[in-house]
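Novice: Starting off with a structure, shown below.
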Amino acid sequence: MTESIHIVCPHCAAVNRLPASRMTEGPKCGKCGRPVFAAHPVELNQQTFQRHIDRSDIPVVVDFWAPWCGPCKAMAPGYEQAALALESRVKFAKLNTDDAQDIAQQFDIRSIPTMILFRDGQEVARHSGAMMDGDIERWVTEHVAAD
């Protein structure tokens, strides 16, 4: 029997059970038919945040950011690049702290950008402050391997 992995669709938030051996083959959502890996971070909100971090069997990295934040804007291209490079092993997401203040408060976000790595709904690593290009990918890879 093949191992299955649960992944939350970035488009419709349906939980998909996928064979672990086929994660890199461009799997599609069983509900909406769109790609489960979007090649860029998924935008989370108050309604979708908990589902994505609790129901994904792969680690989820969330970038807590705001549209007015200069360092957040500077970090965005590197975050996109890391999402593309690691997407079948790690899910990348963004949460606008202006729109989801309750969640930002729940996770004690004091400065942005802040990245939090979640596994099985639990915080396993955190980094505050902007990181660039390969630094984000290295940070995520290091903490996923250590977990």
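The values are calculated or read from the model by the stated rules, or taken from the named source; none is laboratory data. Keep in mind it's a predicted model, so treat the numbers as computed, not measured. In this analysis, Cβ positions are derived from the backbone assuming ideal geometry, glycine residues included, and neighbour counts consider all displayed protein chains. With ligands, DNA and RNA removed, areas are computed over all heavy atoms of the protein, side chains included. Shrake-Rupley method; radii C 1.70, N 1.55, O 1.52, S 1.80 Å.
Novice: Whether any residue in the stretch 90-103 is at positive phi and touching a residue at least 24 places away in the same chain (Cβ under 8 Å) is what I want to check. Before the answer, list the steps.
Specialist: Filtering the stretch 90-103 down to residues at positive phi leaves none.
No, the stretch 90-103 contains no residue that is at positive phi and touching a residue at least 24 places away in the same chain (Cβ under 8 Å).
Novice: Filter the stretch 25-37 for residues that are open to solvent by less than 30 Å² (accessible area, probe 1.4 Å) and either closer than 25 Å to Asp102 by Cβ or touching a strand residue (DSSP E or B) at 6+ places or on another chain (Cβ under 7 Å) (or both) and give the result. Step through it out loud before you land on a result.
Specialist: Within the stretch 25-37, the subset open to solvent by less than 30 Å² (accessible area, probe 1.4 Å) is 27, 29, 36-37.
Across the stretch 25-37, the qualifying residues are Pro27, Cys29, Val36.
Novice: Can you tell me which residues in the stretch 35-71 are modelled with pLDDT of 95 or more and over 15 Å from the mean Cα position of the chain (by Cα)?
Specialist: Ala66, Pro67, Trp68, Cys69, Gly70, Pro71
Novice: Then there is this: Does Asp99 fit the bill of being farther than 11 Å from Val61 by Cα, modelled with pLDDT of 95 or more and open to solvent by 10 Å² or more (accessible area, probe 1.4 Å)? It would help to see each step written out before you state the result.
Specialist: On the way: farther than 11 Å from Val61 by Cα: yes; modelled with pLDDT of 95 or more: yes; open to solvent by 10 Å² or more (accessible area, probe 1.4 Å): yes.
Judged against the criteria, Asp99 is a match.
Novice: Mind checking which pairs have a first residue in the stretch 121-136 that is outside any loop (DSSP other than H, G, I, E, B) and a second that is of a type in the set (S, T, N, Q) and open to solvent by less than 30 Å² (accessible area, probe 1.4 Å), Cβ under 8 Å, 6 or more apart or different chains?
Specialist: If the second residue must be of a type in the set (S, T, N, Q) and open to solvent by less than 30 Å² (accessible area, probe 1.4 Å), the pairs left are Arg126/Thr114; His127/Thr114; Ser128/Thr114.
Novice: Do any strands (runs of 3 or more DSSP E) lying entirely in the stretch 1-62 carry at least 3 residues that are touching a helix residue (DSSP H, G or I) at 6+ places or on another chain (Cβ under 8 Å), and which ones are they?
Specialist: On the way: elements: 4-8, 15-19, 42-44.
In the stretch 1-62, the matching strands (runs of 3 or more DSSP E) lie at 4-8.
Novice: Give the stretch 108-126 a look and list any residue that's within 16 Å of the chain's Cα centre (by Cα) and either surrounded by fewer than 18 Cβ atoms within 10 Å (Cβ to Cβ) or at positive phi (or both), or say none.
Specialist: Listed by number, the residues that qualify are Asp120, Gly121, Gln122, Glu123, Val124, Arg126.
Novice: Among the candidates Pro113, Pro59, single out the residue that is touching a strand residue (DSSP E or B) at 6+ places or on another chain (Cβ under 9 Å) and under 23 Å from Val36 (Cβ atoms).
Specialist: Pro59
Novice: Which condition breaks for Ala145 when tested against (1) surrounded by fewer than 19 Cβ atoms within 10 Å (Cβ to Cβ); (2) modelled with pLDDT of 95 or more?
Specialist: Ala145 satisfies all of (1) surrounded by fewer than 19 Cβ atoms within 10 Å (Cβ to Cβ); (2) modelled with pLDDT of 95 or more except (2).
Novice: Would you call Asn16 polar (S, T, N, Q) and surrounded by 13 or more Cβ atoms within 10 Å (Cβ to Cβ)? So that I can check it myself, show each step before the final result.
Specialist: Values: polar (S, T, N, Q): yes; surrounded by 13 or more Cβ atoms within 10 Å (Cβ to Cβ): yes.
When the stated conditions are applied, Asn16 passes them.
Novice: Search the stretch 50-79 for residues that are surrounded by fewer than 18 Cβ atoms within 10 Å (Cβ to Cβ) and pair each with any residue that is of a type outside the set (Phe, Trp, Tyr) and part of a helix (DSSP H, G or I) when their beta-carbon atoms are under 6 Å apart and the residues are at least 6 apart or on different chains.
Specialist: Every condition considered, the pairs that remain are Gly78/Asp133; Gly78/Ile136.
Novice: I would also like to ask the following. Would you please list the contacts, defined by Cβ atoms under 8 Å and residues six or more apart or on different chains, that run from a residue in the stretch 15-26 that is more than 8 Å from Ile5 (Cβ to Cβ) and free of Cβ contacts under 8 Å to residues at least 40 places away in the same chain to a residue that is open to solvent by 50 Å² or more (accessible area, probe 1.4 Å) and in a strand (DSSP E or B)?
Specialist: Close Cβ pairs satisfying both conditions: Asn16/His6; Gly26/Pro35.
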